Amino acid sequence: MQFPDKTAMAETFEMMLGKEVDIVEVPHGVVKDRHPKTTYVYLNDSDEPTILVEADLSLAHAAGAAMALIPPSRASDATEAGEPDVELLANFKEVINILSALLNDRNDVHVRLDPHETEMTGPPPTDLQAVFEIEIDRYDSGRIGFGAY
Amino acid sequence: MQILVVDDSPVMRKIVRRTLRQAGFGGHDVVEAGDGVEALAALEEDDFDVVMSDWNMPNMSGIELLEEVREKGNQVTFGFVTSESTALMRARATSFGASFFITKPFTAETFEDALADTLD
């Protein structure tokens with residue numbers, strides 16, 4: 001399975017957010033603040049789990065706020081409280097949805113975001129194989145990672 | 001001109017609006033619908049010049065909306081703004097007279113290229 005590189009991730013986040021982002025690839029990395037509501041699964045055309053995506057709550061809040069021009073303070077307050085902000089996470093889910101295009105560009109298998117929003121508790125079902133630390137201009141930073149089942 | 005933006009994601013509808021402005025199409029009226037059913041109702045109530053629709057949506061998908069629109073004899077300029085774009089999807093959309101296929105993420109230039117002939 002091929003994952004997006006740093007350049008493709010930066011382009012996608014900048015297009016979606018309308019803001020500059022700094023991205024660093026973290027070899028053998030893990031996300032720091034895994035949350036059941038910021039864990040996503042892409043399915044193949046047979047509806048089988050194919051790729052796991054995990055994101056730090058801070059990144060999900062920051063990106064979800066930035067793309068809708070919501071003040072950074074709302075995102076950072078929600079992160080500090082450890083409370084998932086429903087609206088910001090709904091926005092971030094759209095980013096995750098669009099990242100499927102980067103996976104489909106690089107692989108023969110076609111994937112799409114699981115529409116059922118299965119909450120993934122417990123240990124991750126697979127290791128992350130591509131992890132990025134993303135800092136969004138004027139907003140918080142955080143990690144996002146991909147792993148193949 | 002009047003543009004109907006159809007997407008189940010409110011933030012994506014905002015981004016499409018923002019990108020239309022950035023592409024120089026800010027002078028047109030934009031109406032939003034959250035899925036194909038809402039869009040169909042809007043199209044029955046009003047005349048639109050362009051429909052920009054997501055593909056995957058609850059209740060009625062974008063391609064189902066296009067099929068229904070054409071069945072009703074409405075030849076409005078219709079295009080897709082979607083994260084998925086397989087050759088099969090494009091072929092199906094084209095067979096129902098879709099005019100453009102914009103893949104997310106997009107830029108203002110993408111919108112300019114897709115819409116210049118219709119909206120200028």
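Laboratory data are not the source of any read-out in this text; all were calculated from the coordinates shown. Given the structure is predicted, the values throughout are model-derived calculations rather than measurements. Positions of Cβ are backbone-derived with ideal geometry, glycine not excepted, and every protein chain shown enters the neighbour counts.
Which value at 222 nm does chain A reach when only helices count, each DSSP H run of 4 or more adding -39,500 (n - 2.57), with the total divided by all residues and rounded to the nearest 500 deg cm²/dmol?
-11500 deg cm²/dmol
Hey, with R₀ at 25 Å, roughly what FRET efficiency would residue B:107 and residue A:87 work out to, going by the Cβ-Cβ distance, to 0.05?
On the way: r = 25 Å, r/R0 = 1.01.
Computed FRET efficiency for residue B:107 and residue A:87: 0.50.
Given a cut-off of under 8 Å on Cα pairs at least six residues apart, what relative contact order in percent is computed for region A:1-78?
Across region A:1-78, relative contact order equals 23 percent.
Output the 0 to 90 degree angle, nearest 10, between the alpha-carbon long axis of helix A:72-81 and the longest principal axis computed from the alpha carbons of chain A.
70
To the nearest 0.05, how large is the calculated FRET efficiency for residue A:1 and residue B:72 if R₀ is 45 Å and r is the Cβ-Cβ distance?
Efficiency at R0 = 45 Å is approximately 0.55.
Could you state the number of Å between the C-alpha centres of region A:7-24 and region B:84-99?
28
Residue A:138 to residue A:47: FRET efficiency via 1/(1 + (r/R0)^6), r the Cβ-Cβ distance, R0 41 Å, to the nearest 0.05?
0.55
Give the relative contact order (percent, whole number) for region A:16-138; include only Cα pairs under 8 Å separated by 6+ residues.
Computed value for region A:16-138: 41 percent relative contact order.
Dividing the convex hull volume of the alpha carbon atoms of region B:2-119 by its residue count, what do you get in Å³ per residue?
Working: hull volume 10.7 nm³, N = 118.
Enclosed volume per residue, from the Cα hull, is 90 Å³.
Would you work out the relative contact order for chain B, in percent, from Cα pairs under 8 angstrom that are 6 or more residues apart?
26
Once both axes come from the Cα atoms, what is the angle between helix A:57-66 and the longest principal axis of chain A, in degrees from 0 to 90, rounded to 10?
That helix lies at roughly 70 degrees to the long axis.
Based on the inverse mean of 1/r over its pairs of different Cα atoms, what is the Kirkwood hydrodynamic radius of the protein assembly as shown, in Å?
Roughly 19.1 Å, rounded to one decimal.
Need one number: nm distance between label points at residue A:105 and residue A:76, each 7 Å from Cα along Cα→Cβ, rounded to one decimal.
Reported label-point gap for residue A:105 and residue A:76 is 3.2 nm.
Roughly how many whole Å is it from the C-alpha centroid of region B:25-65 to that of region A:77-104?
Value for the Cα centre distance between the two parts: 25 Å.
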